[in-house]
Amino acid sequence: MNLVAGAIGGNAAGKATPTFDLGTLGNTISGLVGGGVLGQLIPLVLPALSTAMQGGNFSVGSILTNLIGGGAGGAILTAIIGAVKNKAA
């Protein structure tokens, strides 16, 4: 879930801001990585979410939190990589 949301977030960030655009493949890869990383950090930061997932009380709110976190992570990492790439050019 986090990886898909990250890929979508990465592509959205790249296309929304041409200065951060890494191309479709670059946006997707950075989005996958960003979504995966932030998706792993969310349960550490929000222990209630982690407890709900382990206890079997996985709700729609938990799914939305993962999707939003993954998408945000993908968008953030794509923007950072795009900014660094443009600064180096």
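The values are calculated or read from the model by the stated rules, or taken from the named source; none is laboratory data. All figures in this text were calculated on a predicted structure; none of them were measured in a lab. All Cβ positions, even for glycine, are placed from backbone atoms using ideal geometry, and neighbour counts span all protein chains on display.
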Pair list, Cβ < 6 Å and 6+ apart or interchain, from segment 13-29 residues that are closer than 13 Å to Ala83 by Cα and free of Cβ contacts under 8 Å to residues at least 60 places away in the same chain to residues that are part of a helix (DSSP H, G or I) and of a type in the set (Gly, Ala, Ser): Asn27/Gly10; Asn27/Gly14
Residue selected from segment 20-79 under the condition of a type in the set (Ser, Thr, Tyr) and surrounded by fewer than 21 Cβ atoms within 10 Å (Cβ to Cβ), by the criterion modelled with the lowest pLDDT: Ser50
